[in-house]
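Below is one structure, written out as structure tokens; the observations come after it.
Where a number appears in this text, it was derived from the coordinates with a stated rule and is not lab data. This structure is a prediction, so every number in the text was calculated from the model and none was measured. Cβ placement follows ideal geometry from the backbone for every residue including glycine, while neighbour counts extend to all protein chains displayed.
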Amino acid sequence: MLLENRVVIVTGAASPRGIGRATAKALAAQGAHVVVLDLRREDAEQAARELGEGHLGLACDVTDRAACDAAAQATLAKYDRIDGLINNAGITQPLRTLDIQAGNFDAVVDVNLRGTLYMSQAVLPHMKARKRGSIVCMSSVSAQRGGGIFGGPHYSAAKAGVLGLAKAMAREFGGDNVRVNSITPGLIQTDITGDKLTPDMRAEIIKGIPLGRLGDAADVANACLFLVSDLSAYLTGITLDVNGGMLIH
């Protein structure tokens, strides 16, 4: 077991076909106690129950610093430790540059970037005191290539911000043996993308993917497992592409 008795928080992990839910399952299968965070307490608790015994579901709006702190404290109250954090919660909007309004920008940046900061701030003091921990930040290939299929420029900007934030935190907390890394998924089949691709769109996109298929949530989940486990003990500040070769650089 790669994560036996370790405690890992996964934000945005209640959506049935989402990357967060798949990640929670992968971590639990390797022995972790998983703390599922999502906006609705009922959804988070249900997702935690479906993982089996020993897991916890909590309501948390990652754009609310107090809510993030409360989730971290509830985790410590139950398990007395936090070994890992997967900053997965995110939203996207398919808008073009000239159509982005202030509310659109604030919503996308708040969840994707501010939420990553707030949740990291909630766990870092504990990890620093214990001199161990691993944080994984979810970015996107759209941050690297300048736009995606379903995300507007404000989404690309927010996810690029995640990369910069993760690298800065990696540099700041490396001396405390706290590792911070990022994942940049390509087009993954989730609730967000599942019903929006026509057969023609799918075929055209796959032409540009050397591995010849779209990604599954499990592909990203396995990358999260690698980065939160000791298999990646000498990795910090990296960006791990999970895109089937869609972007090679």
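Summary of values
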read-out	value
Gained length - residue 233 relative to residue 53, 0.36 nm times residue gap less alpha-carbon distance	62.0 nm
Point-charge dipole on Cβ atoms (K/R +1, D/E -1) for the chain, about Cα centre, debye to 20	540 debye
At q = 0.12 Å⁻¹, base-10 log of I(q)/I(0) for the chain (Debye sum, equal scatterers on each alpha carbon)	-0.63
Kyte-Doolittle at least 0.0, axis length at least 27 Å by Cα - qualifying DSSP helices, the chain	153-173
Estimated distance in nm for a label pair at residue 5 and residue 171, the labels positioned 7 Å out from Cα along Cα-to-Cβ	3.7 nm
Segments 160-168, 218-226, 202-210 sorted - mean Cβ within 10 Å per residue, highest first	218-226, 160-168, 202-210
Other-chain or far-sequence residues with amide H under 5 Å of residue 179's (modelled H)	133, 134, 135
16 Å cut-off, amide nitrogen to a point 7 angstrom out along residue 149 Cα→Cβ, residues in segment 221-245	242-245
Backbone N within segment 130-164 under 18 Å of label point (7 Å from residue 39 Cα along the Cβ vector)	151-152, 155
D (Stokes-Einstein, µm²/s), Kirkwood Cα radius, segment 123-212, 1.567 mPa s at 4 °C	87 µm²/s
